[in-house]
Structure formats: C-alpha cells, structure tokens
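Q: Once you've had a glance at the structure underneath, I'll fire off some questions.
Every number in this text was worked out from the coordinates using simple rules, so none of it is lab data. If you're wondering where the values come from, they're calculated on a predicted model, not measured in any experiment. Neighbour counts run over all protein chains shown; Cβ positions are idealised from the backbone, glycine included.
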Amino acid sequence: MSSGIRAIIFSLGVILLAIVFELVRRKRFREELSIAWFLVGILLLASSFADRIIDPLAKSLGIGYPPALVFVWIIFCLVLALLYFSSVISDLKGKIKELSQKIALLEFEVNSEHKGRGDRKE
C-alpha cells in the first residue's frame, strides 16, 4: 500500500474520531453507541497499516488470498452489529408497548373522572 493511501486512511480515521467525539460532547449521540464508533475509528486508523498484519496472519492461517480474511472479519463484525441493533430494537419495541399501555390507562382514568363528575361546573 502506498504512503499516500496510508495517509488518507489514517486521516479518515482521525476525522471519524473527531466527529464522534464532537457528537457525544454536544449530547447528540448516545454514549453506548459512541463506543462502537470509537472502535470503528480506531480500526480505521489501524487499517492504514493492515497489510503488514493481515498478510502474515493469512499465511499462518493457510489462507491463500489475504483480502479474503478481511472480508470474513468484516462480515463477522456486521453480523455482530446486526445482532446488537436487533436487541436494541426489540428492547425499544417493548418499552413503546409498555408506554402506550400506560398512556391508554391514564386517558381512561381522565375520561372516567370527567364522566364521574357529570361535566358539572364547580
């Protein structure tokens, strides 16, 4: 990999880390999700030197085409991200259902009070 491409990839990693940090600082991004994005930024920084790590690792694992190892790793990380976000969506769906039920009960109580008063002016 040429030094120019290494510099571009490294710069993109620094920019991503700065953006995530700024979003967290301004409270526009949740801290629990920022950890994953900080990890992505650090991996982007490290990927500027990835060919020096991946080629020997792929050889030791018996993989003939080193970029295949990268694709397998990316697919694995994406599956983990999908699993995480599926659990978050499931949790939020349960909370929305619970809140909807609470709102319905509160509306029922408010309507019952108005009917119980007979809409009298006091």
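Q: Would you check which residues across region 61-80 are within 22 Å of ILE35 (Cα to Cα), among the aliphatic types (A, V, I, L, M) and either surrounded by 12 or more Cβ atoms within 10 Å (Cβ to Cβ) or over 20 Å from the mean Cα position of the chain (by Cα) (or both) and list them?
A: Passing the criteria: only VAL70.
Q: Further question on the same structure: Of these, PHE85, PHE29, which one is in contact with a helix residue (DSSP H, G or I) (Cβ under 6 Å, 6 or more places away or on another chain) and of a type in the set (Phe, Trp, Tyr)?
A: None of the other options fit; the residue is PHE29.
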